[in-house]
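See below for the structure under consideration.
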Amino acid sequence: MKVSNMRARGGAYTPAALTVALTLGLVGASPTTAASADEATGITADEAAAITQIGGMVGGLSTIGVTQNDIVTASPEQVADLESIVDLAGSSLTTDAASTSSAVRSLPSQPTDCSDTGALLAYARQAAVANSAHDAQAEDLDSETVYMYLSHFLDTPGFTSNPCAANAESRYLASWITTNDRTAYNNYLSSTNRAQLAADTGTLVVGIPSVLSGTSQTVTKAVGFGFGGVMKDAPNIADWASTAGSVHQASTDLVALLDQDKTPAEVISVLNANLSTTISDNDLRAAVIGTIAALATPGLGATMFGLGMTAASLSITGVNSLTQQAAVGALLTTTSSRLIPRMQRAGYL
């Protein structure tokens, strides 16, 4: 079929030519306002990096069974020592873990690395801002951000292979969502027990700047060293229960040793020796020690854990349980039927 014959009178694609048009990438990508790289997103490059890294740190601990209650908080007088512990742990890394830190891509270029949660969220936020400017059906910005996140990076037929590189914008009009999409996404979130994700995402976007601008530099340093890039491998530990117990004990010991006026170097030495019984990898041990030191920071640690849990729940690479896989499968069975309304809204039909 010739391209010139693929559109019906008036310039719209005929239903029969829809599949061919999508395959050839002839369908336009997004609302014109979405092309504005200066559109406010509320997420800077540094904040996006923090979202990715904190999600990796907290998500890694959470997956093996560590909860916020397992982390002991230090006293305000010990913050300087905590910063030194983070520095020592980071400087002992043998790999360039910091290179895994995220950076917001030059928008409107769509991110393609599924593990870069911060960049994905920043892109979705900008798409939500752009769409809300001209879509009367748009909901609050936090809800729209989650919808755009799902439409661009999960709700694509290429999800099972590499969803973030599935070219959702040009092939599936991911920025032109409709009420049908919002209903499908709400059903998906409910079935995966994440109905509060929009509210949590709003808290994440607002909370990250405050964590990074805190009087203590523990969290900022932990992000800079790229502990999250190392911690994402924590789920590969064979004995989760024993490791979770040793991490809790390490957090308890860290504060106890500081109470005994041990130096940061002495604290690192003791924790490293104790954790070696359950964590054999040197870099992973260092990242765990640096992470629990950051989480022990009074006034910041608890906030960091909560924000990290939200970032981890946004992770596309975290779709691994049978329930999650079933929910994604159910969502993808309706993708094609929801594409026609998107095309109608975009003016192609």
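Matching residues to (1) among the hydroxyl-bearing types (Ser, Thr, Tyr); (2) at pLDDT below 90; (3) surrounded by fewer than 24 Cβ atoms within 10 Å (Cβ to Cβ); (4) farther than 21 Å from ILE208 by Cα:
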site: THR117; (1), (2), (3), (4): yes, no, no, no
site: LEU120; (1), (2), (3), (4): no, no, no, no
site: SER161; (1), (2), (3), (4): yes, yes, yes, yes
site: ALA165; (1), (2), (3), (4): no, yes, yes, yes
- Query: Out of (1) surrounded by fewer than 20 Cβ atoms within 10 Å (Cβ to Cβ); (2) part of a loop (DSSP other than H, G, I, E, B); (3) modelled with pLDDT of 95 or more, the odd one out for ASN320 is which?
  - Reply: (3)
- Which of the residues that make up the stretch 181-198 are of a type in the set (A, V, I, L, M, F, W, C) and surrounded by fewer than 17 Cβ atoms within 10 Å (Cβ to Cβ)? ALA195
- Report, ordered by the first and then the second residue, all pairs with beta carbons closer than 7 Å, sequence separation of six or more or different chains, a first member in the stretch 184-202 that is under 20 Å from ILE51 (Cβ atoms), and a second member that is in a loop (DSSP other than H, G, I, E, B). LEU189/ALA195
- Query: Looking at THR303, is it in contact with a Gly (Cβ under 9 Å, 6 or more places away or on another chain), crowded, with 20+ Cβ neighbours inside 10 Å, at pLDDT below 95 and of a type in the set (S, T, N, Q)?
  - Reply: no
- Task: Please list, ordered by first then second residue, the pairs with beta carbon atoms under 7 Å, 6 or more apart or interchain, first in the stretch 334-349 and assigned to a helix (DSSP H, G or I), second modelled with pLDDT of 95 or more and aliphatic (A, V, I, L, M).
- Result: ARG338/ALA184; ARG342/ILE177
- Restricting the search to the stretch 323-349, which residues are modelled with pLDDT of 90 or more, under 27 Å from SER115 (Cβ atoms) and of a type in the set (Gly, Ala, Ser)? ALA330
- Query: Got at least one residue in the stretch 284-292 being more than 16 Å from ASP87 (Cβ to Cβ), in the same structural domain as VAL223 (by TED's automatic domain parsing) and surrounded by fewer than 20 Cβ atoms within 10 Å (Cβ to Cβ)?
  - Reply: no
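The values are calculated or read from the model by the stated rules, or taken from the named source; none is laboratory data. Just so it is clear, the model here is predicted, and its values are computed rather than measured. Note that we place each Cβ from the backbone using ideal geometry, even for glycine, and neighbour counts take in every protein chain shown.
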